[in-house]
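Asker: Structure incoming, see below.
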Amino acid sequence: MVQSEDPVIKSISVIIPVNERGEKLIDVLNDYQTSLSLIDIIVEYIIVLTPQYAHLAANIKSSFLDSSTIKIIVLNRNYGEAGEIKIGVDNSQYDYILTLPPYKQFDSENLSKIVGAIQDFDVIAVNRWPRIDPLLNRIQSWLFRGIFKMLAYNAPKDPGSGIRLCRKEVFDEVKMYGDLHRFFPVLAENAGFSVSTIDVPQSESDAYHRVYSLRIYLTRFLDILTVVFLTRFNKKPLRFFGSGGAISAVIGLMGLVYVAVERIFFDIAAGDRPLLILFSLFLVLGVQLIAIGLVGETIIFTSAKNNKEYRIKKIIN
């Protein structure tokens, strides 16, 4: 057996959420089992199936030699990958969680490298590199990450990677919903956990043209805005809403002053001018945004005693 580089890891829960591309799940599971069996750790597998893939349950069970190492959870509807991971974590028994995709994003021989990388870190994020995606998909990834870096301090190297290894306690403080699993390393780091990223070559079977609908791209952009707000402005909403509100209010106020000067000194009618309505709307919008920010600040101030804003790694006496 290949010894894990981290002697702390004696057991691990592998969670595989299956809500897309599960057609070759049995082959992928066999690859995972083969590679993880070479590492000197106890492994339990938790397979979370959406109704679309519920028919695979019997074949999954028969593919495991030891039925005590696998737990199959069949859902009544699709809760999204973040929800399925959370369900898997709630039903896991070990202190380390490894999430893996139901399709081949990387060669499973690299699992020993991933497990050995945890060491003193709380989260290991896997970046598929070098990438062998078509140029169009790489451009999409660059744009996606570039937008994130412009708005936030840091950005995940590979938000599409479904390979993550972390301590179970991370999920107690990092809340995931919707598609926020893509930003799990960023959210974990913002919560005070130590995060490390390692490179693992992308599998050839994972390289194909991916062009999504306009709705998907819009959803991704909204996810970026959500994460930026949660990580940069969650404790200081007035900076987020107040900056935009101040700009809007200043534009509205200056515009109204301009209209008033024209009306008073140049006898230009103001009541029937679209500019009067436009600048009034700018002023009202600015006041509303600032008010929202102040309400957010008030809520945070009153609940500050219940919010833990730090993490202690260890205390040495």
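The values are calculated or read from the model by the stated rules, or taken from the named source; none is laboratory data. Computed from a predicted structure; not experimentally measured. For neighbour counting, all protein chains shown are included, and Cβ atoms are generated from backbone atoms with ideal geometry for every residue, glycine included. Please note that ligands, DNA and RNA were not included when accessible areas were found on the heavy atoms of the full protein model with its side chains. Shrake-Rupley method; radii C 1.70, N 1.55, O 1.52, S 1.80 Å.
Asker: Rounded to the nearest 10 degrees, what's the angle between the helix 274-302 long axis and the longest principal axis of the chain, both from Cα atoms, 0 to 90?
Answerer: Around 50 degrees separate the two axes.
Asker: At 0.36 nm per residue, and after removing the present C-alpha to C-alpha distance, how many nm does the segment from residue 213 to residue 77 gain when stretched out fully?
Answerer: Separation in residues times 0.36 nm, less the Cα-Cα distance, equals 46.7 nm.
Asker: In a solvent-free Debye calculation with one equal scatterer on each Cα, what is log10 I(q)/I(0) for the stretch 179-294 at q = 0.10, 0.12, 0.15, 0.22 Å⁻¹, listed in the order of the q values?
Answerer: -0.57, -0.70, -0.86, -1.16
Asker: Still on this structure, please answer the following. Evaluate E = 1/(1 + (r/R0)^6) for residue 273 and residue 299, where r is the Cβ-Cβ distance and R0 equals 45 Å; express this FRET efficiency to the nearest 0.05.
Answerer: Efficiency, rounded to the nearest 0.05: 0.70.
Asker: Can I ask one more? Can you give the convex hull volume of the alpha carbon atoms of the stretch 1-112 per residue, in Å³?
Answerer: 97
Asker: FRET efficiency for residue 142 and residue 205, Cβ-Cβ distance as r, R0 = 30 Å, nearest 0.05?
Answerer: So, using R0 = 30 Å, E works out to roughly 0.85.
Asker: When the convex hull of the C-alpha atoms of the stretch 216-270 is computed, what volume per residue in Å³ does it have?
Answerer: Per residue, the Cα convex hull of the stretch 216-270 comes to 88 Å³.
Asker: Here's something else I'd like to know. Compute the helix-to-body angle for 80-90: its Cα long axis versus the longest principal axis of the chain, expressed 0 to 90° and rounded to tens.
Answerer: 50
Asker: What translational diffusion coefficient, in µm²/s and rounded to a whole number, does the Stokes-Einstein relation yield for the stretch 68-134 at 37 °C and a viscosity of 0.692 mPa s, taking the hydrodynamic radius as the Kirkwood radius over Cα pairs?
Answerer: Here the translational diffusion coefficient equals 226 µm²/s.
Asker: If you stretched the chain out fully between residue 194 and residue 42, how much longer would it get, using 0.36 nm times the residue separation minus the C-alpha to C-alpha distance?
Answerer: Answer, rounded to one decimal: 52.3 nm.
Asker: Could you check how much of the accessible area of the stretch 33-171 is carbon and sulfur, as a whole percent, using a 1.4 Å probe?
Answerer: Exposed carbon and sulfur together represent 54 percent of the surface.
Asker: Over the Cα atoms, compute the radius of gyration (one decimal) and Dmax (the largest Cα-Cα distance, rounded to a whole number) for the chain, in Å.
Answerer: Reported Rg and Dmax, both Å: 25.0, 91.
Asker: Points 7 angstrom from Cα along the Cβ direction at residue 151 and residue 173: gap in nanometres?
Answerer: Using points 7 Å along Cα→Cβ, the separation is 2.5 nm.
Asker: Can you pull the one-decimal nm distance between simple spin-label points at residue 254 and residue 57, each 7 Å off the Cα toward Cβ?
Answerer: 6.4
Asker: Still on this structure, please answer the following. Determine the dipole magnitude for the chain: charges of +1 sit on the beta-carbon of Lys and Arg, -1 on that of Asp and Glu, nothing else is charged, the reference point is the Cα centre, and the result goes in debye to the nearest 20.
Answerer: Roughly 740 debye, rounded to the nearest 20.
Asker: Another question about this same structure. When the accessible area of the stretch 201-256 is computed with all protein chains present and a 1.4 Å probe, what percentage of it is carbon and sulfur?
Answerer: Accessible surface attributable to carbon and sulfur in the stretch 201-256 totals 71 percent.
Asker: Once ligands and nucleic acids are excluded and a 1.4 Å probe is used, how much of residue 221 is accessible, expressed in Å² to the nearest 10?
Answerer: 80
Asker: Give me the 1.4 Å probe accessible area per residue for the stretch 53-123, excluding ligands and nucleic acids, in Å².
Answerer: In whole numbers, the stretch 53-123 has 47 Å² accessible per residue.
Asker: For each pair in 104/149; 86/236; 104/175; 149/236, compute the distance between the two Cα atoms and list the pairs where it is over 25 Å.
Answerer: From 104/149; 86/236; 104/175; 149/236, over 25 Å: 104/149; 86/236; 104/175.
Asker: Kirkwood hydrodynamic radius of the stretch 104-158 from all distinct Cα pairs, in Å?
Answerer: After inverting the pairwise mean of 1/r, the radius is 13.3 Å.
Asker: What number, in percent, do you get for the relative contact order of the stretch 171-313 if the mean sequence gap of Cα pairs under 8 Å and at least 6 apart is divided by its residue count?
Answerer: 28
Asker: Between the helical axis of 237-265 and the dominant principal axis of the chain, each derived from Cα atoms, what acute angle in degrees is found, rounded to the nearest 10?
Answerer: Approximately 20 degrees, to the nearest ten.
Asker: Give the residue from 270, 244, 256 lying farthest towards the positive end of the charge dipole for the stretch 204-274; charges sit on Cβ (+1 for Lys and Arg, -1 for Asp and Glu) and the dipole is referred to the Cα centre.
Answerer: About the Cα centre, the residue reaching furthest to the positive side is 244.
Asker: Expected output is a single nm value to one decimal: the length gained when fully extending between residue 95 and residue 135, i.e. 0.36 nm times separation in residues minus the C-alpha distance. What is it?
Answerer: Using 0.36 nm per residue and subtracting the Cα-Cα distance, I get 10.5 nm.
Asker: Next question, about the same structure. Assigning unit charges at the beta carbon (Lys, Arg +1; Asp, Glu -1) and nothing else, what dipole magnitude in debye, to the nearest 20, does the stretch 144-203 show about its Cα centre?
Answerer: About 120 debye.
Asker: Restricting to DSSP H runs of at least four residues, report the calculated mean residue ellipticity at 222 nm for the chain, -39500 (n - 2.57) per run over all residues, nearest 500 deg cm²/dmol.
Answerer: -13500 deg cm²/dmol
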